[in-house]
Amino acid sequence: MKILKENIDHKIIFFNPSSKILNIYINQLKELKYFYETEDINGRNIFICALTHDNKYLLGIVDLEIYEDSHFGNYYGLKYVSVNKKYQGRGIGKNLVEEMFKFIKSQNIPVSFSSFTDEGSKKLRSLFIRLQNKYKLNNIGRNLEEL
């Protein structure tokens, strides 16, 4: 567990191996409407989480998974972004997504943002476009403007 960013409301932490997040915050993941199958959590997931400073409450989550492709090699796929409804509108989601962009950039591995839901693309599209312009990630999925 590594603290990456703190502010008054929350701190951002990476969980890798990802199984730690499931063991500690399993009930709170349900509040975030984060659905998973146990077999989907295979050690290739990286969770970026927003927690209260006392580590008691999970406020938001980003789930990245690393995939292998014969053409692109390894790449990150964004599986999920969610912030608890009680805490939305406080910048928590923006902080999570920006930390995700920084992390992907530091790894120098391509990413695919092609799995957005309609609701997710409406909420995050402009933020993702702004951060893509800032960090210049190698996006191998759909063009962000198409989301």
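Structural remarks
- Pair list, Cβ under 8 Å, 6 or more apart: segment 71-82 residue within 11 Å of I61 (Cα to Cα), other residue small (G, A, S) and surrounded by fewer than 20 Cβ atoms within 10 Å (Cβ to Cβ): K79/S115; V81/G120
- Looking across segment 10-39 at every residue that is part of a loop (DSSP other than H, G, I, E, B) and surrounded by 13 or more Cβ atoms within 10 Å (Cβ to Cβ), the one that is modelled with the highest pLDDT is identified as H10.
- Evaluation of K79 against (1) surrounded by fewer than 15 Cβ atoms within 10 Å (Cβ to Cβ); (2) within 23 Å of S126 (Cβ to Cβ) (one fails), failing number: (1)
- Test: L137 is surrounded by 17 or more Cβ atoms within 10 Å (Cβ to Cβ), modelled with pLDDT of 85 or more and either on the phi > 0 side of the Ramachandran plot or over 14 Å from the mean Cα position of the chain (by Cα) (or both): yes
The values are calculated or read from the model by the stated rules, or taken from the named source; none is laboratory data. Source: prediction; values computed, not measured. Every residue, glycine among them, receives a Cβ derived from its backbone with ideal geometry; neighbour counts consider all protein chains shown.
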